[in-house]
1. Could you list all residues from segment 54-75 that are within 17 Å of L109 (Cβ to Cβ) and of a type in the set (D, E, K, R)?
2. Residues that are in contact with an Asp or Glu (Cβ under 9 Å, 6 or more places away or on another chain) and surrounded by 14 or more Cβ atoms within 10 Å (Cβ to Cβ): does segment 117-129 have at least one?
3. Would you confirm whether or not segment 62-70 contains a residue that is exposed (fewer than 13 other Cβ atoms within 10 Å of the Cβ), assigned by TED's automatic domain parsing to the domain that holds F149 and among the small types (G, A, S)?
4. Take segment 51-65 and flag every residue that is closer than 16 Å to E134 by Cβ and small (G, A, S).
5. Please go through segment 135-167 and pick out each residue that is among the basic types (K, R) and either outside any helix (DSSP H, G or I) or closer than 17 Å to K182 by Cα (or both).
6. Here are some residues: M46, M54, M74, M88. Which one is touching a residue at least 12 places away in the same chain (Cβ under 8 Å) and either outside the structural domain of V197 (by TED's automatic domain parsing) or loosely packed, with under 15 Cβ neighbours inside 10 Å (or both)?
7. Which residue out of Q160, Q211 is closer than 30 Å to S121 by Cβ and in the same structural domain as L68 (by TED's automatic domain parsing)?
8. Kindly provide the set of residues from segment 31-84 that are of a type in the set (F, W, Y) and within 32 Å of the chain's Cα centre (by Cα), ordered by number.
Amino acid sequence: MAETGKGVTAGKLAINVQKRLNRAQEKVLQKLGKADETRDEAFEEMVVNFNKQMAEGTKLQKDLKTYLEAVKMMHDASRRLQDCLADMYEPDWFGKEELDAAAEDTDTLWLDFHQSITDKSMICMDSYLAQFPEIKARIAKRNRKMVDFDSARHHFASLQKGKKKDEAKIAKAEEDLGRAQKIFEELNVELQDELPVLWDSRVGVYVNTFQSLAGHQEKFHKEMSKLSQNLNDIMTKLEEQRELNEEDNHSESASSLPKRPGPPPSRPPPRLTPSPDQKRQHVDLFENEDEASVPDANTDATTRTQQVRLTTERSFLFAQLGHMSWCEVPFSPHCEPECVCVCVCVCEAV
């Protein structure tokens, strides 16, 4: 016979088609209640647990991949931030070399953290989930072989119940039944042994995955905390350096400012030189005043007021001759209370 596919002959293809038709017919009869179905509640519970376990593992694997992608994005963001700081940091600022070393250590720490999670947690989950597709395929095969077993069982029973018994067909049906039962039971026993073990293994896998993740996170954040503290110390020293430079610049600016000039020295007032006629007039006035300066007991208030006025005029005359200052003094015994005595000081201008 000619081959219709890769390693598949027409006869084998026909057998597979016939098996599918028999399975479909058997399922219809079972749903209609015209044929009994082999049931194994314990195995069905194992299958439910298997599907739940596979779904949880698949979600955990997906979330771990998302976490690794986030770590890589954080690494890239941290690297760009460190490069930006290195470009802005001037060479004469404090801690330039320490800053560059801290940036390299930070980049290495991110790389180690990402690689550690990939090797210990991600690869562990990949290995754990790799067994699920193969077991799932065997469960599906077991279910098909169970339908084949039910179909062969029903066919053998129908031949035995027939009015005309064909021993050759009965023998062939019995042989097919034995072969179908053997295949089904072998798969069923294997899966009944493996599924409980696989179900219990999930605890150990989760423990190892998250213990490893937590350990790497603790180590990473511990080392990153040290690098962050070093960066903070460098920034603190840089701020102190800036403040010292500002103080030095302020001191230099204050010392370089020109001194403010003081007020100009005061000049003495101009000396007034009276004319000879004025001097003669003033002398006559003083002589007349001396003659009338001693009042008698009968002098009235009007006379005393004139004397005070005369004394004031005398003071103004002295001011014309030189620099004069005066001040009020206590009442003279010769003055009335309403009078004000004047002390006249005449000094020559320097």
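1. The answer is K72, and nothing else.
2. The first filter runs over segment 117-129 and keeps only residues in contact with an Asp or Glu (Cβ under 9 Å, 6 or more places away or on another chain), leaving none.
The answer is no; no qualifying residue exists.
3. Yes: segment 62-70 contains one or more residues that are exposed (fewer than 13 other Cβ atoms within 10 Å of the Cβ), assigned by TED's automatic domain parsing to the domain that holds F149 and among the small types (G, A, S).
4. Taking segment 51-65 and keeping what is closer than 16 Å to E134 by Cβ, we get 51, 53-54, 57-58.
Scanning segment 51-65 gives a single hit, G57.
5. Initial filter on segment 135-167 (among the basic types (K, R)): 136, 138, 141-142, 144-145, 153, 161, 163-165.
The answer is R138, K141, R142, R144, K145, R153, K163, K164, K165.
6. On the way: M46 fails: either outside the structural domain of V197 (by TED's automatic domain parsing) or loosely packed, with under 15 Cβ neighbours inside 10 Å (or both); M54 fails: either outside the structural domain of V197 (by TED's automatic domain parsing) or loosely packed, with under 15 Cβ neighbours inside 10 Å (or both); M88 fails: touching a residue at least 12 places away in the same chain (Cβ under 8 Å).
Only one candidate passes the filter, namely M74.
7. Values: Q160 fails: closer than 30 Å to S121 by Cβ.
Within the list Q160, Q211, the selection yields Q211.
8. So in segment 31-84, the residues of a type in the set (F, W, Y) come out as 43, 50, 67.
Listed by number, the list holds a single entry, Y67.
The values are calculated or read from the model by the stated rules, or taken from the named source; none is laboratory data. Computed from a predicted structure; not experimentally measured. So basically every Cβ, Gly included, is an ideal-geometry build from the backbone, and we count neighbours across all protein chains shown.
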